[in-house]
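Structure record follows, encoded as structure tokens.
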Amino acid sequence: MAESERAASDADTADTADTADTADTAAPQTATPDPLVRWALASFHAAALLVAPLLGLYAVGALGSLLQGVRTEVGLGLYLALWGLTWWTNGRWLAATRLDGVREAVVPAAAWGAVTGVCFLLVLLLVVLLTLGEPAFVAILGIVGTPVSALVGASAGAGFAVLDLLIVTLGDRLGTGEPF
């Protein structure tokens, strides 16, 4: 009887090992990302997401009139909201990828970029609602803006993923002294 129990225990151990091996290769990585990498990427992404539209508005001459109506507290609050959202979604993205392949990194980055876009739209809508007090206008902006913000966020997330892979690869090579 003891011998049959030992054989059953060995079979269970082998099944568990096979399941663990399969789970490691099939499931995405769920390790905690490096906090410094998460912070640096979130800061870079938030700054780039702020500077790019501001440069566009400046180029067409619309920046002055837009900023004239924005209070410093509101602008700072919006930047902090954008940074917090990118920090949160970058953490989720880094936990889902190993940063070792374009496709493996771009797909989750696009998904989390869409989340960032929609969540930031919600923040903007809240600010507009509190500022203007026009719920019908805000509802229309929300209906029209949600798919647009998801698409823009997904595109930005995918683009940042490719750029982040290049930066991380360059940093790894510089750190190990490998030639380019």
Fully extended contour minus Cα-Cα distance, from Leu130 to Tyr58, at 0.36 nm per residue: 23.3 nm
Difference of contour (0.36 nm per residue) and Cα-Cα distance, Thr32 to Leu78: 13.8 nm
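Can you put Ser149, Ser65 in order, fewest other beta carbons within 10 Å first?
Ser65, Ser149
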Semi-axis lengths, Å, the stretch 33-176, gyration tensor of Cα atoms, sqrt of 5 times eigenvalues: 30, 17, 13
Sites Ile143 and Thr176 - FRET efficiency at Förster radius 41 Å, r taken between beta-carbons, to 0.05: 0.20
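Each value in this text was obtained by applying a stated rule to the coordinates, not by laboratory testing. Since we're looking at a predicted model, the values are computed, not measured. Cβ: placed from backbone, ideal geometry, glycine included. Neighbour counts: every protein chain shown.
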